[in-house]
Amino acid sequence: MAKVKSLADLKKMKEKLQSDISLRENSKHPEGMVRVKVAMATCGIASGAKDVMEFFTVNLQKRNVDAIVTQTGCMGYCYAEPTVEVKLPGQEPVVYGFVDIKKADEIIEKYIKQGEPVDGIIPVNYETIDKK
Amino acid sequence: MEKIKVKIDNRLVEVEKGTTILEAARKLDVNIPTLCYMNLGDMDIEHRPGGCRICVVEVEGRRNLAPSCATDCHDGMEVKTHSIRVLNARRTVMELMLSDHPFECLTCAKSGKCDLQSMAIKLGIRDIHYQGEKSTYKPDFSPAILRDMDKCIMCRRCEKMCNEVQTVGVLSGIYRGFEAVVAPAFERDLDHSECTYCGQCVAVCPTAALTEVDHTNQVLRALADPAKTVVVQTAPAVRAALGEEFGMEPGTLVTGKMVAALRQLEFDYVFDTDFAADLTIMEEGAEILGRLGKFLAGDKDVKLPVLTSCCPGWVSFFEYHFPDQRDIPSTARSPQQMFGAVAKTWFAEKIKKDRKDMVVVSIMPCVAKKYECTREEFATGGNPDVDYSLSTRELANLIKRANIDFNKLPDEDFDGPMGESTGAGVIFGTTGGVIEAATRSAYEIYTKKPLDKVDFKQLRGMEGIREATVDFNGFPLKIGIAHGLGNARKLLENIRAGKSEFHAIEIMACPGGCIGGGGQPLHHGNSEILKARQKAIYREDSGKPIRKSHENPSIIKLYEEYLGEPLGEKAHQLLHTRYFDRGREIVIEADVKEEQ
Amino acid sequence: MSENIKQIRVALRNCGFINPESIDEYIAADGYEALGRVLTEKTPEEATKEIIDSGLRGRGGGGFPTGVKWDIARKVESDQKYVVCNADEGDPGAFMDRSILEGDPHSVIEAMAINGYCIGADKGLVYIRAEYPLAIERLKTALDQAREYGLLGEDIFGTGFNFDIEIRYGAGAFVCGEETALINSMEGHRGEPTFKPPFPAQSGYLGKPTNVNNVETFANIPVIFNKGAEWFASIGTEKSTGTKVFALAGKINNVGLIEVPMGTTLREVIFEIGGGIKDGKKFKSVQTGGPSGGCLTEKHLDTPIDFDNLLESGSMMGSGGMIVMDEDDCMVSVARFYLDFTVEESCGKCTPCRVGNKRLYELLDIISKGNGSNNDLDKLRNLGEVIIDTSLCGLGQTSPNPVLSTMDNFWDEYLAHVEDQRCPAGQCKDLIRYEVIEENCVGCTACARNCPVNCISGERKEIHHIDQSLCIKCGACFEKCRFNAISVS
């Protein structure tokens, strides 16, 4: 990886990274991918997030879903750990709470594969700095 | 320096910027009570952890009370030192401290001399409203120092002395909260630590958490035993401080009264450690001249500088911390041990007594001396050269117990022959004294010329590290002096690094030398007392008819009758010693513990 | 802002969004742009002024204006200065710092570098408790990535500015969150506070000027530069700008980490974001500010949360712990619980904290056992006030808060313990009795079979009886009885 030598370098890098992400996640183009983020802070891991993440990684591939599964930090919903955010291409992300293996399976089969809503969505209850 | 105006208890005072409230108040003769605070100004030792919270005062506009020892004045500050809020807080804090303290005042070793007790009196404590669990710790008995941490009030003065002043690093705060206490690491006992028994912790402890091991009863028993001949020796610094225990002004010399008191206590022979100090000069002086001679003759292997070795705290210090340098100090034993060795041989033969029937007691300003006389190399067939060492404080107790009105005693003289001494022996009691005494004799022996002036003022003073050059017939003899082990460490590190240019160095473990020893009457943090004792020592010296050790007639006789010559075979056997690598001891012991 | 959305994620802007182990994702989310802009476009003085203008106050508890703190450190001349991130999160139940380090470590690194530029330091230290292994791991990964990208190290952004960060581990002593104790601990000394002044900004780590800020404070810094001081100051209240992260815990439905603008009321936090009290019970009190905070009541629910209002109400912001209590909680027990913590965590240096807190705890213990008197209540108050007035550091100066605030707000409960030897919440074991309600008892033996000390006697189908002299008040009989035949009084 090249070093960031100037502010211009950084900006260029940012634009490239952002457009990659956008291409991957937002277009309805066949290249668009499902993105699954598992909250993997200490609290999530303690509630079983590692197993859930592994389940998503293994099963999405097995079931031929073009998806990226990544970890992220704490989303703040301690009462509902493990929590998982799922973003279908071109759609707003949704967050599921109390995700165990069974729930994860349901999310893959119903929501990801068929776009059918699944119970257990935690409504967004905050604003981001960009919206404010 | 910028001046600022402060109002304390409605009175205005002008002070320099950077002055604490405590100092400013003292200018107005307002004595805010303190407990953990300690200031030995002349030696640059100031301890103000702000921990006891007794010295709190009310500062206008400040949310909480301010510790006056640790709060600087600012211009226009208004301070109240005895508002109801302050008095209530101070009393409550004191009650809290007392609520975690054993109520053993009547039988406590420190009773009457305890800062906590005086503070309770000063604050008018009549009741302790907050009672509860008391913290307890295992007592620690060592050869010289007793630790009874149930009585610790966490002022941390001992820690300051042990770590920052002496750089010995044995005592520090351990555990937390209510269990917090000052102790050696892992709460080991002192005799399993690198403690040098310098006793500076004892000297500054406000309570009886740290005291010397009391040997007065053993001495009383020996005195009562008709089969024993009890010989006592008194160290030079004792005579300059003992009077304080009987209400005399610091700096009062009580040599004659002390001798009279010891005689009333029925010691069979009242001798003087000063005699042995003169003997030390003969041996150590010869060693300095010997090594110097070889050095001047171009011998590359000769070890310089020569370090003095009369202080047992200092000896332990280099054995633990600088064992690689242990071939540098003089091998001369300390005056206490030279005395014991000569008393139980030469003198024993004179009075036709077996050493087993003799008891040698030393009166020392020191607690490390208690440890020194237990060292195995200072015994013959299990019989120690010095049986018991009492501190100045213990002697005062002994005198009081024997109903002796010390102040009314006549002045009496020491017994001969081991009571005869010179001014050079006396000045062993202060920093700079040993090397001055050595210089007086070494100069005359080296140059074969009599000294014009006996006083070497350039070697005297109170600064922690001093240096001077003395002209030895064209040869500039470079002399270093350090008191306080922290200062000694600095010189030692220079020597280790090969950067030292000194030919001889005097080192004393205690700040001020023996006058500030761990066994002296408590100075309660007042360095004026140490200065007064130092003056008294030099007064005693200048009043002596003979002021050079090699002119002491009894010493000359001792060599003629018994020892032969300095550094001779007999002298070597009785008056010299060897040192051990004790740094390794601690490490090995730690390993063994781990294995277990 | 829509009606029902009360949270804004500023400090937590990336937590739960980006992969904390990917610097690319951080950069894609505007990461390191603030640093780049500060280094290339602003003087240290201008950058510091931006922080002053933002009104940001320290999130670790004290609420000291961050920019002012930086400015003091900036103005002290020295050959070496240090930036320290205080990640010694110690309040029981608080985990916002851990979440930030686990979810967005780069924001802290970026902020520390900005801080270094502002005060003239080329070295940063993160003091983090060793009990946070995942946070440490992610921080290490992030540091490596930042170095690899040249965002830490020498000549950052080609400006000649050098900065790097080291990690120092704490052993989990609460008092080491106090900045002077923290510095002592980092230097290898006993972790205990020293009096101020001198402040760390004048003489800190190794005697050099040192700026210490908390993790959450740092996490806010890059946003201030990216969005502007004015934008930041527009959130929150006039004297407390921006947002605050709280760890909601206790008897509340939505336990979790929240971030709300300063000025949000406790009611909004507890009943809207927190979803109200568990099991439909009645709200009794909320404890803010960790063990040094106070217990607020119903009457404080509409107080806007900011540094000054909380202090005025007898509590404090602290690092953001918020523990909700319901009608079943005994406030004497709550006070005793917090005191137990401070007694454990006091360093023992100063008398009022070392002995005073212990005595305070003992008094509470006596009261909760029904052995207290009105005189003990007077003692409790006097002692609490003296401890606050005379303690050396923030720990002792605040440790009696839970006692004093519960005495202020729940005086009746204290009186009930002392005068009637009664615990209204039925929590203090020594003051409660379990008894068989004879008309309900069917003699099923369930209570007797589950009693761990066998103090319940009675034949099958006959009324049972509890031997009070043996009962340990474990409550097992009460829980097992299906006929409502056990009463608690």
Do we have residue B:133 as within 12 Å of chain C (Cβ to nearest Cβ) and either acidic (Asp, Glu) or open to solvent by less than 20 Å² (accessible area, probe 1.4 Å) (or both) here? yes
Anything in the range B:220-251 that is buried (at least 24 other Cβ atoms within 10 Å of the Cβ) and over 21 Å from the mean Cα position of the chain (by Cα)? List them, or say none. B:231
Hey, any hits in the range C:179-192 for a residue that's under 17 Å from residue C:114 (Cβ atoms) and surrounded by 15 or more Cβ atoms within 10 Å (Cβ to Cβ)? no
From the options B:216, B:207, B:167, residue that is within 14 Å of another protein chain (Cβ to nearest Cβ) and among the polar types (S, T, N, Q): B:207
Given (1) surrounded by 24 or more Cβ atoms within 10 Å (Cβ to Cβ); (2) touching a strand residue (DSSP E or B) at 6+ places or on another chain (Cβ under 7 Å); (3) within 20 Å of residue B:569 (Cα to Cα), number of the condition residue B:279 does not satisfy: (2)
Of the residues in the range B:29-51, how many are open to solvent by 10 Å² or more (accessible area, probe 1.4 Å) and within 9 Å of another protein chain (Cβ to nearest Cβ)? 2
Can you name the condition, by its number, that residue B:471 falls short on among (1) over 26 Å from the mean Cα position of the chain (by Cα); (2) crowded, with 17+ Cβ neighbours inside 10 Å; (3) not in a helix (DSSP H, G or I)? (2)
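Of these, C:244, C:239, C:227, C:278, which one is more than 11 Å from every other protein chain (Cβ to nearest Cβ) and open to solvent by 30 Å² or more (accessible area, probe 1.4 Å)?
Just a single option satisfies the conditions, and that option is C:239.
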Which of the residues belonging to the range B:164-178 are open to solvent by 20 Å² or more (accessible area, probe 1.4 Å) and either among the hydroxyl-bearing types (Ser, Thr, Tyr) or modelled with pLDDT of 95 or more (or both)? B:167, B:172, B:175
Somewhere in the range C:181-193, is a residue touching a helix residue (DSSP H, G or I) at 6+ places or on another chain (Cβ under 9 Å) and closer than 17 Å to residue C:58 by Cα? yes
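Residue-by-condition table, conditions (1) more than 7 Å from chain A (Cβ to nearest Cβ); (2) within 19 Å of residue A:35 (Cβ to Cβ); (3) open to solvent by 10 Å² or more (accessible area, probe 1.4 Å):
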residue	(1), (2), (3)
C:6	yes, no, yes
C:10	no, no, no
C:24	no, yes, yes
C:32	no, no, no
C:36	no, no, no
C:39	yes, no, yes
Just wondering, is there one or more residues in the range C:113-131 that are free of Cβ contacts under 8 Å to residues at least 40 places away in the same chain and either within 14 Å of chain A (Cβ to nearest Cβ) or touching an Asp or Glu at 6+ places or on another chain (Cβ under 8 Å) (or both)? no
Residue check for residue A:15: open to solvent by 50 Å² or more (accessible area, probe 1.4 Å), within 14 Å of chain C (Cβ to nearest Cβ) and either under 20 Å from residue C:21 (Cα atoms) or in a strand (DSSP E or B) (or both): yes
So residue C:59 passes all but one of these: (1) within 22 Å of residue A:74 (Cβ to Cβ); (2) more than 8 Å from every other protein chain (Cβ to nearest Cβ); (3) open to solvent by 10 Å² or more (accessible area, probe 1.4 Å). Which condition number does it fail? (3)
Just checking, does the range C:74-82 include any residue being open to solvent by 10 Å² or more (accessible area, probe 1.4 Å), more than 14 Å from chain A (Cβ to nearest Cβ) and under 30 Å from residue A:53 (Cβ atoms)? no
Being in contact (Cβ under 8 Å) with a residue 40 or more places away in the chain and either away from chain B (no Cβ under 14 Å) or of a type in the set (D, E, K, R) (or both) is the filter here, so list the residues in the range C:178-199 that pass it. C:178, C:179, C:182, C:183, C:186, C:190, C:192
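From C:390, C:406, which residue is of a type in the set (Ser, Thr, Tyr), in contact with a Pro (Cβ under 6 Å, 6 or more places away or on another chain) and open to solvent by less than 30 Å² (accessible area, probe 1.4 Å)?
None of the other options fit; the residue is C:390.
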Quick one: in the range C:275-313, which of the residues that are among the acidic types (Asp, Glu) and either in contact with a Pro (Cβ under 6 Å, 6 or more places away or on another chain) or part of a helix (DSSP H, G or I) (or both) is nearest to residue C:235 (Cα to Cα)? C:308
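Quick grid of which residues meet (1) on the phi > 0 side of the Ramachandran plot; (2) assigned by TED's automatic domain parsing to the domain that holds residue C:248; (3) in contact with a strand residue (DSSP E or B) (Cβ under 8 Å, 6 or more places away or on another chain):
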residue: C:34; (1), (2), (3): no, no, no
residue: C:48; (1), (2), (3): no, no, no
residue: C:63; (1), (2), (3): yes, no, yes
residue: C:76; (1), (2), (3): no, no, no
residue: C:87; (1), (2), (3): no, no, yes
Looking at residue C:207, is it open to solvent by 10 Å² or more (accessible area, probe 1.4 Å) and away from every other protein chain (no Cβ under 11 Å)? yes
From C:332, C:355, C:324, C:343, grab the single residue that is part of a helix (DSSP H, G or I) and touching a residue at least 24 places away in the same chain (Cβ under 8 Å). C:332
Taking residue C:210, is it under 22 Å from the mean Cα position of the chain (by Cα) and not assigned by TED's automatic domain parsing to the domain that holds residue C:397? no
Of the residues B:368, B:438, B:402, which single one is open to solvent by 20 Å² or more (accessible area, probe 1.4 Å) and assigned by TED's automatic domain parsing to the domain that holds residue B:551? B:402
Of everything in the range C:314-359 that's within 11 Å of chain B (Cβ to nearest Cβ) and in contact with a Pro (Cβ under 6 Å, 6 or more places away or on another chain), which residue is most open to solvent (accessible area, probe 1.4 Å)? C:341
Looking at the range C:287-312, which of the residues that are farther than 20 Å from residue C:6 by Cβ and among the hydroxyl-bearing types (Ser, Thr, Tyr) is modelled with the highest pLDDT? C:297
The number of residues in the range B:185-204 that are touching an Asp or Glu at 6+ places or on another chain (Cβ under 8 Å) and within 14 Å of another protein chain (Cβ to nearest Cβ) is 0
Residues of the range B:405-427 classified as assigned to a helix (DSSP H, G or I), out of contact with any strand residue (DSSP E or B) (no Cβ under 8 Å at 6 or more places or on another chain) and open to solvent by less than 10 Å² (accessible area, probe 1.4 Å), total: 5
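The values are calculated or read from the model by the stated rules, or taken from the named source; none is laboratory data. As the structure is a prediction and not an experimental result, all values here were calculated from the model. Neighbour counts are summed over all protein chains in view; Cβ atoms, including those assigned to glycine, are modelled from backbone coordinates with ideal geometry. Surface areas here come from the heavy atoms of the whole protein model, side chains and all, with no ligands, DNA or RNA. Shrake-Rupley method; radii C 1.70, N 1.55, O 1.52, S 1.80 Å.
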